[in-house]
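What follows is a single structure, written as structure tokens, with notes after it.
The values are calculated or read from the model by the stated rules, or taken from the named source; none is laboratory data. Predicted, not measured: the structure shown is a model, and the values here were computed from it. Every residue, glycine among them, receives a Cβ derived from its backbone with ideal geometry; neighbour counts consider all protein chains shown.
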Amino acid sequence: MNKNYVIDTMFDYFQLEGKTAIVTGAANGIGAGIASMLAGLGVNVVACDIEDGPLEKTVGAIAAAGGEITAVHCDISVPADVEKTIALALNKYGALHILVNNAAGCGGGKKIDDMTDPEWDRLINLNLTCVYKFIMKVYPVFKAQKYGKIVNISSGAAITGDWSDPHYAAAKGGVISLSRELAVEFAKDHIYINTVAPGLVQTRMVLPWEGVEENNILVGRIGTPKDIAATVAFLASAASDYFTGQTICPNGGSWMY
């Protein structure tokens, strides 16, 4: 088999080489995995987070491996930070093609009886409203060029429910519904928007519960950031041009959706 033929065919199929992507929450876990995989496929990655130290470490490792990646401090709840991130992508790379909304926060295992209104408001804002606002800042760019790929990271909790954190599940469910609604409105401009709703993944967010549900995973293991990144890479690529408004659930067979 001709290895160069295989590589050329792969890159032609995905058509990611030379594209530019913003990945939010890219310092750790799933976000770092997404940034690494996209950079490995030839994407110019603008990686943003509020954790500057871990972000610089992640970006440094990806750059050392040969990826084209830039770190930027971005609090997705601050409009000026969002605008700065988009401007950086456009100014440095000349275009923007992909937005991955991965940044999020968890609720800390709150039951409904223990949750306060401010806690509800905080997670709905961070996990849903900020996703909407980031999309709407990018939308004029994608609309003008008649092309864009948006991948929003939701959660299995939005589909199956969970034992706690109803505000988290509600916000992540809102991300799915928002993506579907915007898919209808954006289609005429060739802007594709899809959602990834992972099952259990080896990140610091699930460490306290690791092992609790592992026996219910058909493939026999908890997911890794790479598992989720592979799904995102597909949805960000030309290979998924017949997908919009869809929710993909990489979960090892934990549930069927």
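Does ILE34 fit the bill of being in a loop (DSSP other than H, G, I, E, B), in contact (Cβ under 8 Å) with a residue 40 or more places away in the chain, crowded, with 23+ Cβ neighbours inside 10 Å and not small (Gly, Ala, Ser)? So that I can check it myself, show each step before the final result.
On the way: in a loop (DSSP other than H, G, I, E, B): no; in contact (Cβ under 8 Å) with a residue 40 or more places away in the chain: yes; crowded, with 23+ Cβ neighbours inside 10 Å: yes; not small (Gly, Ala, Ser): yes.
When the stated conditions are applied, ILE34 does not pass them.
If you go through the stretch 81-129 one residue at a time, how many are aliphatic (A, V, I, L, M) and in a helix (DSSP H, G or I)?
10
Name the helices (runs of 4 or more DSSP H) wholly within the stretch 154-257 that hold at least 2 residues that are modelled with pLDDT of 95 or more and within 20 Å of ALA103 (Cβ to Cβ)?
Filter on the stretch 154-257 gives 166-186, 225-236.
Any chance you could count how many residues in the stretch 55-80 are surrounded by fewer than 22 Cβ atoms within 10 Å (Cβ to Cβ) and either in contact with an Asp or Glu (Cβ under 8 Å, 6 or more places away or on another chain) or not in a strand (DSSP E or B) (or both)?
Of the residues in that region, 16 qualify.
Results for (1) aliphatic (A, V, I, L, M); (2) free of Cβ contacts under 8 Å to residues at least 60 places away in the same chain; (3) in contact with a Lys or Arg (Cβ under 8 Å, 6 or more places away or on another chain), shown as yes or no for each residue.
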position: LEU99; (1), (2), (3): yes, no, yes
position: ASP121; (1), (2), (3): no, yes, no
position: PRO140; (1), (2), (3): no, yes, no
position: GLN145; (1), (2), (3): no, yes, no
position: SER155; (1), (2), (3): no, yes, yes
position: LEU178; (1), (2), (3): yes, yes, no
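Picking from GLY29, GLY40, GLY53, GLY105, which residue would you name as being within 25 Å of ASP227 (Cα to Cα) and more than 18 Å from the chain's Cα centre (by Cα)?
Step by step, each of GLY29, GLY40, GLY53, GLY105 is checked, and only GLY53 is within 25 Å of ASP227 (Cα to Cα) and more than 18 Å from the chain's Cα centre (by Cα).
Suppose we filter the stretch 37-54 for residues that are over 23 Å from GLY94 (Cα atoms) and part of a helix (DSSP H, G or I); how many remain?
So the count comes out to 3.
Taking the stretch 1-15 only, how many residues are assigned to a loop (DSSP other than H, G, I, E, B) and either at pLDDT below 80 or in contact with a His (Cβ under 6 Å, 6 or more places away or on another chain) (or both)?
Pass one, the stretch 1-15, residues assigned to a loop (DSSP other than H, G, I, E, B): 1-2, 15.
Narrowing the set further to residues that are either at pLDDT below 80 or in contact with a His (Cβ under 6 Å, 6 or more places away or on another chain) (or both) leaves 1-2.
Count: 2.
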